[in-house]
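Everything below concerns the one structure shown next.
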Amino acid sequence: MLLLVGLGNPGATYANNRHNIGFMAVDAIAHSHRFSPWRGRFQGVMCEGTVGEHKILALKPATYMNLSGQSVGEAVRFYKLSPEAVIVLYDEIELEPGRVKVKRGGGSAGHNGIRSIDAHIGYDYWRVRLGVGRPGHKDAVKGHVLEDFAKGDVGWLTTLLDAVADQAPELVADLARGGDGNRFMTKVMLKTNPPPPKKEKTAPAEKAGAEKADGTDES
């Protein structure tokens, strides 16, 4: 059993903030894989379902970002989970919008939700960082993450959330067998930034015919 945690702030005021992309991603996974309805538990809301062959508990803390660890810690202790069974999805300003990185352990890099979880369950859990981009000046970071996504962000954001939900079975299967998440990252990247289609080569006869037709049109 794995615990899938999305980070964000509760309430309609924050629903479309960049800081809430973790909530959005977990919602997308739960919807795509037909999880049970959300219900209040562990100072947050929880639902459950199956992704691939693995039972998943999904959690969205309602403690506000800075105290996310209280909710996650309660769930981890109740289910007697190890940190390695926890996957946290959250916003990352050091990644370009639409990019995704997976790693286990590490520091908080100034993210208050991650700092809080570190304090309650330690560092050795999985982190799925979802890029929201960095503002031009460091003093603008707080305002940047607490602002709603712009209309121009809708395209890449929708594509990213769909890709994360679609490839969730790859993520949980890889991490459950001791992998590093690279297959998940690669497949998401291909969906969010697919390679350009190959140009079909024009046959010599077709090319010559086209040139002749162009000459006729011009005369």
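Hull volume per residue, based on the alpha-carbon atoms of the chain and their convex hull, is 177 Å³. Summing Cβ point charges (Lys, Arg +1; Asp, Glu -1) relative to the Cα centre of the chain gives a dipole of roughly 720 debye. For LYS191 and SER82, the difference between the fully extended length at 0.36 nm per residue and the C-alpha to C-alpha distance is 36.1 nm. Ranking TRP126, PRO195, ALA28 by Cα position along the charge dipole of the stretch 2-218, where only Lys, Arg, Asp and Glu carry charges on their C-beta atoms, puts TRP126 farthest toward the positive end.
Helices in the chain, meaning DSSP H runs of at least 4 residues, each add -39500 (n - 2.57). Divided by all residues, the mean residue ellipticity at 222 nm is -12000 deg cm²/dmol. Helix 182-192 and the longest principal axis of the C-alpha atoms of the chain enclose an angle of approximately 50°. Taking LYS55, LYS187, LYS142 in turn, the Gaussian network model of the chain (Cα-Cα springs below 10 Å) assigns the largest fluctuation to LYS142.
Could you list THR192, THR50 so that the one with the fewest beta carbons within 10 Å of its beta carbon is first and the one with the most is last? Can you show the working numbers first?
Details: THR192 19, THR50 13.
So the ranking, lowest neighbour count to highest, is THR50, THR192.
Each of ALA15 and GLU147 was given a label point 7 Å from its Cα along the Cα-to-Cβ line. The distance between the two points is 2.1 nm. Pairs from the table (LYS80/LYS142; LYS55/LYS187; LYS80/LYS103; LYS101/LYS142; LYS142/LYS187; LYS151/LYS191) lying more than 24 angstrom apart at Cα are LYS80/LYS142; LYS142/LYS187.
The long axis of helix 204-218 is offset from the longest Cα principal axis of the chain by roughly 70 degrees.
Values in this text are rule-based calculations from the coordinates and carry no lab data. This is a predicted model, so every value here is computed, not measured. A quick note on method: Cβ atoms are made from the backbone with ideal geometry, for glycine too, and the neighbour counts reach across all protein chains shown.
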